[in-house]
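A short write-up of the structure that comes next.
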Amino acid sequence: MNINSILIKKAIKSDCVYKVACLCFNNKGDLLGTSVNKHGGYGKGLSIHAEIEAIRKYGKGISSIVLCRTNKQGKLLPIHPCSTCMKLLNKYNIKVYNINKRRLNGR
């Protein structure tokens, strides 16, 4: 199974309207694991972003992530981390790519 298939299958499983998944890799290129966005917080419409969940699960061992966003049918949609996630990813020097292997941050 290739990376794109894994990401799309993970994203579809998200219970949020915007279905986002990410794969996390260490500096050797080994897959650490996956995360998806999920409902959370204390209000309607609040969610825990996949990027934040990844950092909580895998910590500073993450060197890069690949993001994917789909609709509920699995069709790919544009993706870019929000400003809060991007600040945190940059703080930890995590390279961010989308499913099309396009770099989304300059680090």
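We did not get these values from a lab; they are worked out from the coordinates using the rules stated. Source: prediction; values computed, not measured.
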Original post:
Can you give the helix-only mean residue ellipticity at 222 nm for the chain, where every DSSP H stretch with n ≥ 4 adds -39500 (n - 2.57) and the sum goes over all residues, rounded to the nearest 500 deg cm²/dmol?
Top reply: -7500 deg cm²/dmol
**OP:** State the antiparallel share, in %, of DSSP beta bridges confined to segment 3-98, rounding to the nearest 5.
**Re:** 80
Subject >> For segment 3-98: Kirkwood Rh in Å [reciprocal of mean 1/r, alpha carbons] >> reply: 13.2
Original post:
What lysines could a cross-link reach from residue 75, if we take a straight Cα to Cα line under 23 Å and drop same-chain neighbours fewer than 8 places away?
Top reply: 9, 10, 13, 19, 38, 101
**OP:** Multiply the residue gap between residue 102 and residue 60 by 0.36 nm, knock off their C-alpha separation, and tell me the result in nm, one decimal place.
**Re:** 12.9 nm
